[in-house]
Amino acid sequence: MAAALVTLALGLSACDGDEDGAAAEDTPAASTAEPETATSEPADAGADEEGGEEAPAGGDVAAPGTKFKVGDRAVVPFEYTSEKKGTVAVTVTAIEKGAESDMAAFGEKAAGMTPYFIKMKVENVGGTDMAYASLKLNGVVDGGGGTGVILIGDIPGKCDNEAAPAEFTTKGASYETCTLSATKGEAVTGASFDEGDAYSDAPVVWAN
């Protein structure tokens, strides 16, 4: 199915969808507080003009709070399961705006939402076995806040959320995938990686 769940952060939180298609139910409101960005910087890196860390060299792991441009390559630690973890390089190649009609498969809860397609290339840097692992990014609106919407699913042909292939087990292996984001107002202009304790409060961000 094109979609499994839509959750509006303002007034809704994640719930189980039904077996016949996309579904969402009202639940207590979720917090709208935004995580603080990192203020410290490593000894060998300087701050950029916007207060984030400078982009590291090609093989260095990005520090929490690092800011990149769309098209830049960021190396981050990634743990999908306790057995599938390592280091990957993520390059956000494009953030494309879709049409409201693209959200039809998500049902009435998605009415009035505009989808955005966060397209990326993922490369196995550490050379560990991460076959079939799935990595997703979050949409970021102007000003650096989140979208307030959680989506599980994809839009076939426009934003296909692909898991890593069986061959994603060696250094240099790569694949392309897409994360679906959506809003009811502000445009999605960036994407963030917040996996793991180090990045949960200070995600790595790519912006146009």
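Using a basic spin-label model with each label point 7 Å from the Cα along Cα→Cβ, how many nm lie between Lys158 and Ser200?
Those two pseudo-labels are separated by 3.4 nm.
Testing the spin-label approximation: label points 7 Å from Cα along Cα→Cβ at Ala99 and Ala131. State their distance in nm.
Calculated label separation equals 4.0 nm.
Past 28 Å, Cα to Cα, is the threshold; run Lys67/Lys171; Lys85/Lys109; Lys84/Lys109; Lys69/Lys109; Lys85/Lys184 against it and keep the listed order.
Listed pairs above 28 Å: Lys85/Lys109; Lys84/Lys109; Lys69/Lys109; Lys85/Lys184.
Among residues other than Ala89 whose Cβ falls under 9 Å from its Cβ, what is the net charge (Lys/Arg +1, Asp/Glu -1)?
+1
Taken together, the values in this text are just the output of simple stated rules run on the coordinates, not laboratory data. As the structure is a computational prediction, the values presented were derived from the model and not from experiment. Please note: Cβ atoms are built from the backbone with ideal geometry, for glycine as well, and neighbour counts cover all protein chains shown.
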